[in-house]
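Enquirer: The structure under discussion is supplied below as C-alpha cells; questions concerning it will follow.
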Amino acid sequence: MATAYLSRIEALLDIVVNEKGSDLHLTAGFEPTIRVSSSLVPLVQQGKQSAEDTEEMLKAIVPDGRWDQFLKEQTIDFSYAHKDKGRFRVNGYIVQGTVAVAMRLIPHGVRTFTDLGLPSVLEVFCQRQQGFFLVVGPVGQGKSTTLAAIVDRINETRAEHIVTIEDPIEYIFDQKKSLIHQREVYVDAPSFHSALQSAFREDVNVIMVGEMRDLDTISAAVTAAETGHLVLATLHTNNAAQTIDRIIDMFPSTQQDQVRVQLAGSLAGIFSQRLVPRIAGGLIPAYELLINNNAIANLIREGRTHEIGTVIQTSSQEGMIDMDRSLAELVRKGEITVEDAYERAFDQKTFERYL
C-alpha cells in the first residue's frame, strides 16, 4: 500500500515538473493543486484527496524516524529528491485535524545572476571577505534561489570554506574552488543557533544561514559578521528599513543601542526582491538594494531608519537600487504590466513619477 501512495505522489510531482510549475498542494477534500506562474491550478482529473490519501502520501516520503516528530509537533519540513528531475522542499502540517502538504520545486542546478534576471552589482558582495548580507522579502519570492546564486558565485571564484545551515537543504552545491559543507537543521544540528556556534570552530570563511528565526540565531550571525566572516542570510521582511528595524527590535531594549552600532559596522547590504508575472510568461524579479555606506551607517546608529528609503532613492550612482525605480524599468522594457507593478510598488506616487 505504501508503494501505491509513493507512486501516486511521484506522478503528481511529474505533473508539476512537466507543467513548469513551482508548487504542489495536497489537502483533504480538494483536488491536488499546482501553482504555475503564480496561479493555482486544481488538477480536477485527479479527483479529490481523502484525509487518508493525504496522510499516507506524506508518510511515504517523510525521512526515516521523523514521523513521530510530525505527530508531536504537527508540522515538519524536509527535502525530497524526485527521481532525477529536481528536489522538493516539503512542509507537512495539520488543517482542521487532517494532514495537508505543500511541496516547492527546487530545480537541479544553481542558476546565475543573468539567468535569474538579477543585477550584476550583486557580484560586489560575492567578493567581500566579511560582513552581513541579507536577502529579504515575503514567502515565495525567490530568496533562497538568489542566495544560492551568490553562494555558487563565491564557489566559482574563491577558494573558501563555506558552511550552509538550512532547514531543509535545498540546492545541492558542486564543489568548485571552495570547500562546501551543507548542514541540515534537525539532521546534522539541533538548531540554527547551535550550528552557527559550531561554525566558529570549523575554520569557516563564509556562512549561509537559510533563515534567521530567533534572537539567538540573529545575535550569533551579527557576531560572526563582526569577527571576520561573510554571513549570508534571509529574513521575511518587506524592505531594507524594515529589516534593520526587525533585527534591532528582536533584542531587549537595553541592548538595542549596542546592536545599532554593531549593525552599522558589520552590515554589507540588504537585497529585497519580489517576483512579478512576466508578460511573456513566467516570473521576473523586481528589487531594492541597500549598500551600507557612511550615510546609511549613520542612520542606523542614530535610529533614523525611516530615512533609509530616501538615501536609496538618491544613491543610484553608488549602485543602490530602489524598488519603485526597478518596477518602472521593467514596465518600460515591456517585461511586466503597469497594473502588476503598481500593486507591488513601495510608494505608488514615487512609482508614477518614474514611469
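Enquirer: Calculate, for Asn293 and Gln348, the FRET efficiency according to 1/(1 + (r/R0)^6) with r their C-beta to C-beta distance and R0 22 Å; round to the nearest 0.05. Numbers along the way, then the final one.
Expert: Values: r = 27 Å, r/R0 = 1.24.
Efficiency, rounded to the nearest 0.05: 0.20.
Enquirer: Let me ask something else about it. Which of these, Gln141, Gln273, Gln242, has the largest mean-square fluctuation under a Gaussian network model of the chain (Cα springs below 10 Å)?
Expert: Gln242
Enquirer: Where both partners of a DSSP beta bridge lie in the chain, what percent of those bridges are antiparallel, to the nearest 5?
Expert: On the way: 39 of 66 bridges.
That works out to approximately 60 percent antiparallel.
Enquirer: Follow-up. With label points built 7 Å along Cα→Cβ from the Cα atoms of Ser39 and Glu10, find their separation and express it in nm.
Expert: Placing both labels 7 Å beyond Cα along the Cβ direction yields 3.1 nm.
Enquirer: Choose one of Ile207, Ile279, Ser253: the residue whose Cα lies farthest towards the positive end of the charge dipole of the range 203-355 (beta-carbon charges +1 Lys, Arg; -1 Asp, Glu; about the Cα centre).
Expert: Value computed over the given set: Ile279.
Enquirer: Write down, largest first, the equivalent ellipsoid semi-axes of the range 29-161 in whole Å, where each equals the square root of 5 times an eigenvalue of the alpha-carbon gyration tensor.
Expert: On the way: eigenvalues 243, 65, 37 Å².
Its equivalent ellipsoid spans semi-axes of 35, 18, 14 Å.
Enquirer: Ok, one more. Pull out the extension gain between Thr254 and Asp174, defined as 0.36 nm times the separation in residues minus the alpha carbon to alpha carbon distance; nm, one decimal.
Expert: Working: separation 80, 0.36 × 80 = 28.80 nm, distance 4.39 nm.
Here the segment from Thr254 to Asp174 would lengthen by 24.4 nm.
Enquirer: Between Ile180 and residues 5 or more places away or on another chain, which pairs have amide H atoms under 5 Å apart, with H built 1.01 Å from N, and which residues are they?
Expert: Hits under the 5 Å cutoff: Ile162.
Enquirer: Sequence-distant or interchain residues sharing an amide H contact under 5 Å with Ser37, placed H: which?
Expert: The answer is Ser22.
Enquirer: Peptides 279-289, 231-241, 44-54: what's the order by average Cβ count within 10 Å, highest mean first? Spell out each step's value before the answer.
Expert: Values: 279-289: 18.2, 231-241: 22.5, 44-54: 14.5.
So the order, starting with the most tightly packed, is 231-241, 279-289, 44-54.
Enquirer: Still on this structure, please answer the following. Computed FRET efficiency, Cβ-Cβ of Ala159 and Thr223, R0 22 Å: what is it to the nearest 0.05? Before the final figure, lay out each step's value.
Expert: Working: r = 25 Å, r/R0 = 1.12.
So the FRET efficiency works out to roughly 0.35.
Enquirer: Compute log10 of I(q)/I(0) for the range 190-266 with the Debye formula, placing one identical point scatterer on every Cα and leaving out solvent, at q = 0.14, 0.15, 0.22 Å⁻¹, to two decimals.
Expert: Debye curve over Cα of the range 190-266, log10 I(q)/I(0) at q = 0.14, 0.15, 0.22 Å⁻¹: -0.43, -0.49, -1.06.
Enquirer: What distance in nm separates the two pseudo spin-label positions at Ala81 and Asp115, each 7 Å out from Cα along the beta-carbon direction?
Expert: The two pseudo-label positions are separated by 1.9 nm.
Enquirer: Where the only charges are on Cβ atoms (+1 Lys, Arg; -1 Asp, Glu), what is the dipole of the range 2-106 about its Cα centre, to the nearest 20 debye?
Expert: Working: 12 positive and 14 negative charges, 63 e Å.
Here the size comes out at about 300 debye.
Enquirer: Mind computing the radius of gyration and Dmax over the alpha-carbon atoms of the range 2-106? Å is fine for both.
Expert: 12.7, 35
Enquirer: Right, something else. Given Cβ point charges of +1 (Lys, Arg) and -1 (Asp, Glu) and nothing else, what value in debye, to the nearest 20, does the dipole of the range 42-81 about its Cα centre take?
Expert: On the way: 4 positive and 8 negative charges, 20 e Å.
About 100 debye.
Enquirer: Set Lys and Arg Cβ to +1 and Asp and Glu Cβ to -1, take the dipole of the chain about its Cα centre, and tell me which of Ser194, Gln141, Leu26 lies farthest positive.
Expert: The residue sitting most towards the positive pole is Gln141.
Enquirer: Name the long-range amide H neighbours of Ala81: under 5 Å, sequence gap of 5 or more, or other chain; modelled H, no Pro or chain starts.
Expert: Residues meeting the amide H criterion: Phe88.
Enquirer: About its Cα centre, how strong a charge dipole does the chain have in debye, to the nearest 20, once Lys and Arg get +1 and Asp and Glu get -1 at the Cβ? Walk me through the intermediate numbers first.
Expert: Numbers: 34 positive and 47 negative charges, 113 e Å.
It works out to roughly 540 debye.
Values quoted throughout were computed directly from the atomic coordinates according to the rules given, and no laboratory measurement underlies them. A quick note: this is a predicted structure, and the numbers were derived from the prediction, not measured. So basically every Cβ, Gly included, is an ideal-geometry build from the backbone, and we count neighbours across all protein chains shown.
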